Amino acid sequence: MPDTHALVEPSAADQVATYDAIVVGAGISGMFMLYRLRELGMTARVFEAGTNVGGTWYWNRYPGARFDSESWTYGYSFSKELMQEWDWKEHFSPQPDTLEYLNHVADKFDLRRDMQFRSTVTAAHWDDATGQWTVTLEGGQQARSTFLCTAIGILSAHTLPAIPGRDSFQGPAYHPARWPHAPVDFTGKRVGIIGTGATAIQAIPEIAKQAKQLTVFQRRPNWAAPLHNAKIDKAEMEAIKARYDEIYAHCASTAMWFIHQADPRKTLEVPPAEREAFWEKLYGEPGFGIWLGNFRDIGVNEKANAAISDFIARKIRQRVHDPKVAEKLIPKDHGFGSRRVPMESGYFEAFNRDNVTLIDTLADEPIECITPKGIRTTKQEHEFDVLIYATGFDGVTGAFDRIDIRGANGLRMKDAWADSPRTYLGMLAEGFPNMMMVLGPHTARGNIPQAIEHTVQFQTGILRFMRENGYTHVETRPEEVEDWTRTVIEAAEKLLSSKVPSWQTGVNRNVEGRNVPRVLGYNGNGVHFRRKTDDVAKGGYKEFVFR
Ligand code: NAP
């Protein structure tokens, strides 16, 4: 008898690489997930669309891009050695430094060895029979794994404006989340920018310094407050390093995991002069204090919110010389803090420059279309050399929607989440076994890197528990999903922000079907969230089904 084994060609199926876990995305989430998976002795492969690590900080290279959270609370805390060897140069790190930091982390822990770049995941299908995920990349390559870890970010699915003629513009047009790697020179250029969100608020003052003319097309203004960035010298960095344990313990004890903690007083119980002095102090301090360190009711009480909104409006009027322009920059359709507050460096003063023009596209000059030469409004055609679409992202669920994800019994994630995401703790989704979501919908966020670390710790805790108990399959329990979804919705109900259209409520008018607000995050207290997840872990993960 011939040895037929020697004659059998490996089938296509056998050639598909198989791992314990596949991680989608090599940003802050994917990098840390890989690190922890390796610690567990698991084989893992990270697929990343970009050419290197960094996620948000890889893609968003636009002028002015930087943290508006304190750098020294916004890095990884899992390695004391890493914390001690890295010097943050500024209190609010600019994008190039942050990307350098993330590359340093990738080098230090040799992460790239298990990463494949230029690899956009287009599909991930669960197979009930084999208990495996099959992941497909653009171009057709496939890989399989027992676990799928989505580390795809909450603001990674960028969206272009749904304006007729958008692709007809003959000059260069950029979305800040797809900014060229080589710096863009605006010298002598006529630049048009659409959008006035956090991204544009950072970019406008920087581009205004270079461009011949910058025209800002604003649909709805956003509240913003000064960042007050500063350099960190050697002595200050050493002092920060000496206090890292204390700093991170403090962050873990606050509602949003930042250094800022809401003031326990209620706005209207504080005498007006004292209130005013408190706000002056916060407005003059660095970072999110004016938003997160404010009186505890500004986000839930309309009168309190009106009072702080009035204070910030007065500041805008003081800073912008032309009263008509100032009025246009003051939001009238939502109160301060009911959208994510961008922190700015000279944003309002940019409108005092002769080379900057603000166009109100709701009240004065609606945009009709984009033309080969620029932007045509109802009044005129504005000609530009460069266009910037600072039009944001399909937040939180957008990155999931761009992948054809199918769970048990072929359940499509798009269908499963048509009305609302269904998750337990935002960590695992109902109907999608063995899928761990880092920064999934309905999880607590706040300080994003700290949320990532906490989530990855929790999820790799589940994986360790499974290994110790010989399980290979984990899924959610329907009653726990129901309970958590209710908790998330109840926590959102009392917030003024829940009524305001923004990426945080899942509204993006450039995406079909995304004009109705949804609850996309756990907006309760981060301390309670930590306690809840810790209790689940200590209790042996009874809220999940294992086999
Ligand atoms: P965004 O806040 O969603 O702002 C998008 C802007 O584009 C809005 O002003 C929007 O107007 C406008 N827009 C969208 N489509 C338009 C259209 N078809 N015509 C006219 N205007 C249009 O997006 P983003 O500025 O990119 O910021 C998103 C989030 O990213 C921020 O909230 C923040 O969480 C994060 N971010 C963080 C940092 C940081 O850490 N420092 C920096 C940048 C961004 P409407 O308001 O009328 O829709």
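The values are calculated or read from the model by the stated rules, or taken from the named source; none is laboratory data. Treat the numbers as computed from the prediction; the structure is a model and nothing was measured. Methodologically, a virtual Cβ is constructed for each residue, glycine included, from the backbone with ideal geometry; neighbour enumeration extends over all protein chains shown.
Just a yes or no: is a residue in the range 418-435 more than 15 Å from the ligand (Cβ to nearest atom), over 22 Å from ILE489 (Cβ atoms) and in a loop (DSSP other than H, G, I, E, B)?
There is at least one residue in the range 418-435 that is more than 15 Å from the ligand (Cβ to nearest atom), over 22 Å from ILE489 (Cβ atoms) and in a loop (DSSP other than H, G, I, E, B).
With (1) away from the ligand (no atom under 11 Å from the Cβ); (2) assigned to a loop (DSSP other than H, G, I, E, B) as the list, and ALA326 as the residue in question, which single condition is left unmet?
(2)
Exactly one condition in (1) in a helix (DSSP H, G or I); (2) within 13 Å of the ligand (Cβ to nearest atom); (3) in contact with a Lys or Arg (Cβ under 8 Å, 6 or more places away or on another chain) is not met by ALA203; state its number.
Status for ALA203: all satisfied but (3).
Just to verify a result, which residue in the range 469-490, among those that are of a type in the set (A, V, I, L, M, F, W, C) and surrounded by 20 or more Cβ atoms within 10 Å (Cβ to Cβ), is nearest to ARG422 (Cα to Cα)? Lay out the reasoning, then the answer.
So the first thing to find is which residues in the range 469-490 are of a type in the set (A, V, I, L, M, F, W, C), and the list is 474, 481, 484, 488-489.
Going one step further and asking which of them are surrounded by 20 or more Cβ atoms within 10 Å (Cβ to Cβ), we end up with 474, 481, 484, 488.
Values: VAL474: 16, VAL481: 6, TRP484: 9, VAL488: 11 Å.
The extreme case among them is VAL481.
Conditions first: (1) more than 16 Å from the chain's Cα centre (by Cα); (2) farther than 23 Å from LEU227 by Cα. GLY25 passes all but one, so which condition is the exception?
(1)
Would you check which residues across the range 212-248 are farther than 24 Å from PRO366 by Cα and aromatic (Phe, Trp, Tyr) and list them? Can you show your working first?
Of the residues in the range 212-248, the ones farther than 24 Å from PRO366 by Cα are 225-248.
Listed by number, the residues that qualify are TYR244, TYR248.
Okay, residues lined up against (1) in a loop (DSSP other than H, G, I, E, B); (2) within 11 Å of the ligand (Cβ to nearest atom); (3) out of contact with any helix residue (DSSP H, G or I) (no Cβ under 9 Å at 6 or more places or on another chain):
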site: ALA162; (1), (2), (3): yes, yes, yes
site: PRO180; (1), (2), (3): yes, no, yes
site: PRO183; (1), (2), (3): yes, no, yes
site: ILE193; (1), (2), (3): no, yes, no
site: THR199; (1), (2), (3): no, yes, no
site: ALA208; (1), (2), (3): no, no, no
site: ASN222; (1), (2), (3): yes, yes, no
site: ALA239; (1), (2), (3): no, no, yes
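I need a count of the residues in the range 278-290 that are assigned to a helix (DSSP H, G or I), under 26 Å from the mean Cα position of the chain (by Cα) and surrounded by fewer than 23 Cβ atoms within 10 Å (Cβ to Cβ).
Summing the residues that are assigned to a helix (DSSP H, G or I), under 26 Å from the mean Cα position of the chain (by Cα) and surrounded by fewer than 23 Cβ atoms within 10 Å (Cβ to Cβ) in the range 278-290 gives 3.
Hey, among SER69, SER77, which residue is more than 28 Å from ALA21 (Cα to Cα), part of a loop (DSSP other than H, G, I, E, B) and not aliphatic (A, V, I, L, M)?
Answer to the check: SER69.
If PHE147 satisfies all but one of (1) in a loop (DSSP other than H, G, I, E, B); (2) more than 14 Å from the ligand (Cβ to nearest atom); (3) of a type in the set (Phe, Trp, Tyr), what's the number of the condition it fails?
(1)
Give the range 96-112 a look and list any residue that's assigned to a helix (DSSP H, G or I), more than 16 Å from the ligand (Cβ to nearest atom) and surrounded by fewer than 18 Cβ atoms within 10 Å (Cβ to Cβ), or say none. Talk me through it step by step, then tell me what you get.
Here is the first cut: in the range 96-112, the ones assigned to a helix (DSSP H, G or I) are 96-108, 111-112.
Keeping just the survivors that are more than 16 Å from the ligand (Cβ to nearest atom) gives 100, 103-108, 111-112.
Scanning the range 96-112 gives GLU100, ASN103, HIS104, ASP107, LYS108.
Those residues that are of a type outside the set (S, T, N, Q), within 16 Å of the ligand (Cβ to nearest atom) and surrounded by 18 or more Cβ atoms within 10 Å (Cβ to Cβ), I need them from the range 508-521; list them, please.
Of the residues in the range 508-521, the ones of a type outside the set (S, T, N, Q) are 509, 511-514, 516-521.
Restricting the remaining residues to those that are within 16 Å of the ligand (Cβ to nearest atom) gives 509, 511-514, 516-518, 520-521.
Correct list: ARG514, ARG518, LEU520, GLY521.
Does PRO449 fit the bill of being surrounded by fewer than 20 Cβ atoms within 10 Å (Cβ to Cβ), within 16 Å of the ligand (Cβ to nearest atom) and under 30 Å from THR254 (Cα atoms)? Can you show your working first?
Working: surrounded by fewer than 20 Cβ atoms within 10 Å (Cβ to Cβ): yes; within 16 Å of the ligand (Cβ to nearest atom): yes; under 30 Å from THR254 (Cα atoms): yes.
So PRO449 passes the test.
For the subset of the range 494-507 comprising residues that are among the hydroxyl-bearing types (Ser, Thr, Tyr) and without any contact (Cβ under 8 Å) to a residue 40 or more places away in the chain, which member is nearest to the ligand (Cβ to nearest atom)?
Taking the range 494-507 as the starting set, the residues that turn out to be among the hydroxyl-bearing types (Ser, Thr, Tyr) are 497-498, 502, 505.
If we keep only those that are without any contact (Cβ under 8 Å) to a residue 40 or more places away in the chain too, we end up with 498, 505.
Values: SER498: 16, THR505: 11 Å.
Selected residue: THR505.
Which of the residues belonging to the range 377-395 are away from the ligand (no atom under 11 Å from the Cβ) and assigned to a loop (DSSP other than H, G, I, E, B)?
Within the range 377-395, THR378, LYS379, GLN380, PHE384, ASP385 meet the criteria.
Where residues in the range 241-271 are more than 14 Å from THR73 (Cα to Cα) and outside any loop (DSSP other than H, G, I, E, B), which of them is farthest from the chain's Cα centre (by Cα)?
GLU269
Please work out which residue is farthest from LYS241 (Cα to Cα), limiting yourself to the range 44-95 and to residues that are basic (Lys, Arg) and away from the ligand (no atom under 15 Å from the Cβ).
Of all residues in the range 44-95, those basic (Lys, Arg) come to 45, 61, 66, 80, 89.
If we keep only those that are away from the ligand (no atom under 15 Å from the Cβ) as well, we get 45, 80, 89.
Working: ARG45: 33, LYS80: 10, LYS89: 13 Å.
Checking each candidate, the answer is ARG45.
Answer with yes or no whether MET115 is crowded, with 20+ Cβ neighbours inside 10 Å and either in contact with a helix residue (DSSP H, G or I) (Cβ under 6 Å, 6 or more places away or on another chain) or within 30 Å of ARG406 (Cβ to Cβ) (or both). Show your work before the answer.
Working: crowded, with 20+ Cβ neighbours inside 10 Å: yes; either in contact with a helix residue (DSSP H, G or I) (Cβ under 6 Å, 6 or more places away or on another chain) or within 30 Å of ARG406 (Cβ to Cβ) (or both): yes.
So MET115 fits the description; yes.
Which residue, of GLY540, GLY524, is in a loop (DSSP other than H, G, I, E, B), away from the ligand (no atom under 16 Å from the Cβ) and closer than 27 Å to ALA418 by Cβ?
Selected residue: GLY524, the only one of GLY540, GLY524 that is in a loop (DSSP other than H, G, I, E, B), away from the ligand (no atom under 16 Å from the Cβ) and closer than 27 Å to ALA418 by Cβ.
Looking at GLY153, GLY139, can you tell me which residue is within 14 Å of the ligand (Cβ to nearest atom) and either in a loop (DSSP other than H, G, I, E, B) or at pLDDT below 95 (or both)? I'd like the intermediate steps shown before the answer.
Details: GLY139 fails: within 14 Å of the ligand (Cβ to nearest atom).
Going through GLY153, GLY139 in turn, just one is within 14 Å of the ligand (Cβ to nearest atom) and either in a loop (DSSP other than H, G, I, E, B) or at pLDDT below 95 (or both): GLY153.
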